[in-house]
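Chemist: Structure provided below as structure tokens; questions to follow.
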Amino acid sequence: MSAVFDQVTRSESEKNYFDKIDEQIKAAKRAGKAVFDLSIGEPDLPPPSQFWEELAHGLNQDGACAYPALYGEDYLLNSIQDWYRVKYSTTLDRHEHVLPLLGVKEGIAHLALGILEKGEYGAYVTPGYPIYKQAIRMAGGIPIALHTMFDENYFPDLKKIGSRPVRLLYMNYPNNPTGTVLTKESAEQLVQWVRSHNIYLCLDRVYGRISKSEIFEDYSILSVPGAMDCCIEMHSFSKDYNLPGIRLGFAAGNSHLIQKLKQVKTLTDISVFKPVQYAGARLLQADRNGELESYFEANNSCYSRRFRIISEILDTHRIKYFQGTGTFFVWFEIPSLFKDDHSFCSDLFERTGVLLVPGSEFGEETGRWCRLTLSKPDEMIMCCAAHLDDFLGGCNG
């Protein structure tokens, strides 16, 4: 194992917290304790019916289990290209600007390997998913954290990069864990800034169609003039279409970045199972044609309803939380009597069985916040809300 990879994967201080959560759940269940897991952002809602129909069709095609084309089957590439053209008025070349992925996580890690030379700077926004920092380090790069705060609506001041020659910048909007949404105005300013500083931008849009508000703006950063010179977007079927286990996503944007991803992919894996590509293409066609509008509205209405259940409890106990409309997470500040986020989450779990994620797992500066997911059945959300109400009431008492 290389020294760089060992540094990323074996450091006890950076052990994947979700591995620890899995251990907690198993130990609690062995002890016969009820567990209410609001930690993992795994959708509980069903995928669109078109997926199952096309998957069944694809499984019955000749060659369904043969090796797929290395860089994606034409029917999926065509669907991605047409999806961008119709939804975002953005013209892409399916061979130059598009690449299917085995989920966005793969693309994020492989992009750093393809772009960064040893010792080059890569920047990422916190609070955010830990993979960005780890990808930069695994590629031998030097990570720079751009800390964001509640009062700044969790959007970074890019001037904090200073004079350091950053090569690659990772951003995730709508943001996990805060729910901050990238406005069109901010996107235009962002593209202008990275272009002027010769930085490549990777925008992780895994929560692109999810909102806790029933009204939201859906657009692509690639529609901003000049974005194709320096930007790449990554989309996933895991969250938007409620298909986390099938491992299908895609990257779209700057041709140089797509080519670098292809070079890494040639050495590491093959493309997605062909019937899954068939089904993914069908979903993009349905989305492009407006067939899924009621589907997304129903999903977001559900998340909005669940958010109101939790926010009412937080309001009752005067707990500060961020009103970000994106994603299906609730990001809230812990009561002042707790030492830190880990002690709060540990005490909550021990007393109630409700499992949350400490905010510091998304960035060291967020040690007094934590994340709760709304991607669980209504019955569990209501049960957890009652437990949280009792727990916070005890804290105030």
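The values are calculated or read from the model by the stated rules, or taken from the named source; none is laboratory data. All values reported here derive from a predicted model rather than from experimental measurement. So basically every Cβ, Gly included, is an ideal-geometry build from the backbone, and we count neighbours across all protein chains shown.
Chemist: Residue check, Val330 against (1) part of a loop (DSSP other than H, G, I, E, B); (2) closer than 23 Å to Tyr207 by Cβ, all met but one. Which one?
Modeler: Of (1) part of a loop (DSSP other than H, G, I, E, B); (2) closer than 23 Å to Tyr207 by Cβ, only one is false for Val330: (1).
Okay, residues lined up against (1) in contact (Cβ under 8 Å) with a residue 60 or more places away in the chain; (2) surrounded by 22 or more Cβ atoms within 10 Å (Cβ to Cβ); (3) touching a Ser or Thr at 6+ places or on another chain (Cβ under 8 Å):
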| residue | (1), (2), (3) |
| --- | --- |
| Leu203 | no, yes, no |
| Glu217 | no, no, yes |
| Gly226 | no, no, no |
| Phe250 | yes, yes, no |
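Chemist: Select from the range 356-378 the residues that are farther than 22 Å from Asp22 by Cα and in a helix (DSSP H, G or I) and list them in ascending order.
Modeler: If the condition is that a residue be farther than 22 Å from Asp22 by Cα and in a helix (DSSP H, G or I), then Glu365, Thr366, Asp378 are the ones that fit.
Chemist: Filter the range 228-244 down to the residues that are in contact (Cβ under 8 Å) with a residue 60 or more places away in the chain and in a loop (DSSP other than H, G, I, E, B) and list them by number.
Modeler: Tyr241, Asn242, Leu243, Pro244
Chemist: Would you point out which residue out of Tyr154, Tyr124, Tyr173 is buried (at least 18 other Cβ atoms within 10 Å of the Cβ) and out of contact with any Leu (no Cβ under 8 Å at 6 or more places or on another chain)?
Modeler: From the options Tyr154, Tyr124, Tyr173, the qualifying one is Tyr154.
Chemist: Quick test for you: out of Ser186, Ser89, pick the one residue that is surrounded by fewer than 16 Cβ atoms within 10 Å (Cβ to Cβ), assigned by TED's automatic domain parsing to the domain that holds Gly245 and more than 25 Å from Lys212 (Cα to Cα).
Modeler: Within the list Ser186, Ser89, the selection yields Ser89.
Chemist: Residue by residue through the range 258-273, note down the ones that are in contact (Cβ under 8 Å) with a residue 40 or more places away in the chain, assigned to a helix (DSSP H, G or I) and farther than 18 Å from His95 by Cβ.
Modeler: Once the filter is applied, which keeps residues that are in contact (Cβ under 8 Å) with a residue 40 or more places away in the chain, assigned to a helix (DSSP H, G or I) and farther than 18 Å from His95 by Cβ, the range 258-273 yields only Thr268.
Chemist: Find all pairs meeting these conditions: Cβ atoms under 6 angstrom apart; at least six residues apart or on different chains; first residue within the range 111-132 and farther than 22 Å from Gly363 by Cα; second residue at pLDDT 95 or above and part of a helix (DSSP H, G or I).
Modeler: Leu113/Val264; Gly114/Lys260; Gly114/Leu261; Gly114/Gln263; Gly114/Val264; Ile115/Lys260
Chemist: Additional query: With the requirement that a residue be under 16 Å from Ile381 (Cα atoms) and part of a loop (DSSP other than H, G, I, E, B), what does the range 333-355 give you?
Modeler: Gly353
Chemist: With respect to Val191, determine if the residue is buried (at least 16 other Cβ atoms within 10 Å of the Cβ), part of a helix (DSSP H, G or I) and either among the aliphatic types (A, V, I, L, M) or out of contact with any Lys or Arg (no Cβ under 8 Å at 6 or more places or on another chain) (or both).
Modeler: Yes: the conditions hold for Val191.
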